[in-house]
Structure formats: structure tokens, C-alpha cells
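Structure first, then comments.
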Amino acid sequence: MRYVSAYFFRILTVAGMLIFFAGPIQADPVVTFSPGGSDQDAIGIAFFAPLVNAEVILGVTDNTGTLTVVLVNISRATFLDYHFRSDTVQAAPWAGNGLPFFDTFIPLNTLDPFTALPATNNGIDFFVGSTGTGIPVTTIFTVTFTGFLPNTIIRGTATVPEPATLLLLGTGLAGVAFKAWKSRNRRP
């Protein structure tokens with residue numbers, strides 16, 4: 001009997017330590033892109049001047065921590081990257097699957113390589129990368145958020161090239177082409 005009670009005490013001790021250190025079990029936050037969706041439910045997303053790259057509230061997660069949003073690109077340019085943020089810091093870093101639109105993502109749990117801001121676990125950035133296509137104009141796509149804390153407000157923004165930047169790039173390329181053409185015509 002003494003050995004049974006000692007064995008039972010050990011089991012209770014291990015179970016208590018697991019419960020104490022495990023804390024509440026929460027799935028990791030995951031953001032998933034998929035092509036298509038219902039035309040009637042689609043929210044038109046356009047980032048035009050002067051509100052270029054403005055954040056849009058996409059919705060609030062339900063009691064299970066899930067949110068599904070159907071979006072359509074109604075701007076005049078392909079979305080080259082997409083960014084999601086929340087005011088609520090999640091228990092784990094965000095993960096994602098952006099294919100076929102984006103093949104690279106950076107969760108905001110690491111040092112931001114562009115601004116050197118510290119980790120926060122409240123967002124994720126998707127980029128076209130080497131195999132992504134971006135989100136072309138008039139494309140309908142669905143974004144699903146799972147594993148989030150209940151009642152989390154999700155904001156989104158996409159980056160599109162500004163017209164002035166495209167004009168500057170175009171004139172620079174035209175200048176280089178003109179210079180090459182002019183130097184080729186001078187040769188005897």
C-alpha cells in the first residue's frame with residue numbers, strides 16, 4: 001500500500017507540474033491566403049492617393065479566435081505585399097501561408113529588419129518573394145485567421161507603387177536607354 005500511495009503521489013506531482021507550466025493551451029495564430037471567394041461577400045480594397053497604404057479594419061475574431069474575410073483588389077496596381085496587425089498581443093508569433101500570392105512572410109516576433117523595432121507578436125508581413133505572383137487587379141481572394149485570441153481586431157494594408165515612384169523609375173530607364181542608343185550611334 002505504501003508503494004501504491006508513493007507512486008500515486010508522483011503521478012499527481014507530475015500532472016500538477018504539467019498543468020502549472022503548460023498554462024492555457026492556445027493554438028498558434030495562423031494567417032492563410034486562398035484564391036477565390038464569394039463575389040457578394042467581397043470587400044473592395046483599394047489604396048489610392050492620398051490614402052496610399054492606409055490600414056483597413058478587416059474584422060474581429062469570434063469566440064473561437066477565427067475570422068474569414070473575402071477581399072478583392074480594386075486598385076489600379078498589383079499588391080506586392082500585404083501586412084496584418086492587431087492591437088492584441090498574441091501568445092505566440094503569427095505564422096502564415098500566402099501561396100500562390102506571397103511566398104515569404106515575416107512575423108513581428110523578430111526584430112523588424114526595416115525599422116529595428118522590437119518583437120511584439122501582433123502582426124505579420126507577406127512579400128511576393130521569388131515565386132509569388134502578388135495580387136493582381138480585380139482578383140478575389142480569401143484570408144483566414146485561426147488560433148487568435150477571441151475578439152481580436154485585425155487590420156490590414158497592402159503596398160502598391162505610387163505613381164510618382166513609377167514615373168521616376170520610368171524616366172530613369174528611358175534616360176539609360178537613350179544614352180545607350182546615342183553611344184551606339186556614335187560608333188563608326
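Under the simplified labelling scheme, the Thr133-Leu169 pair shows an inter-label distance of 2.0 nm, with each label point 7 Å from Cα along Cα→Cβ.
Placing R0 at 41 angstrom, the Cβ-Cβ distance between Thr88 and Phe178 gives a FRET efficiency of 0.15 after rounding to 0.05.
Here, each number is a calculation from the coordinates, and none is a lab measurement. Computed from a predicted model, the values in this text were never measured in an experiment. Note: ideal-geometry Cβ built from the backbone for every residue, glycine included; neighbour counts use all protein chains shown.
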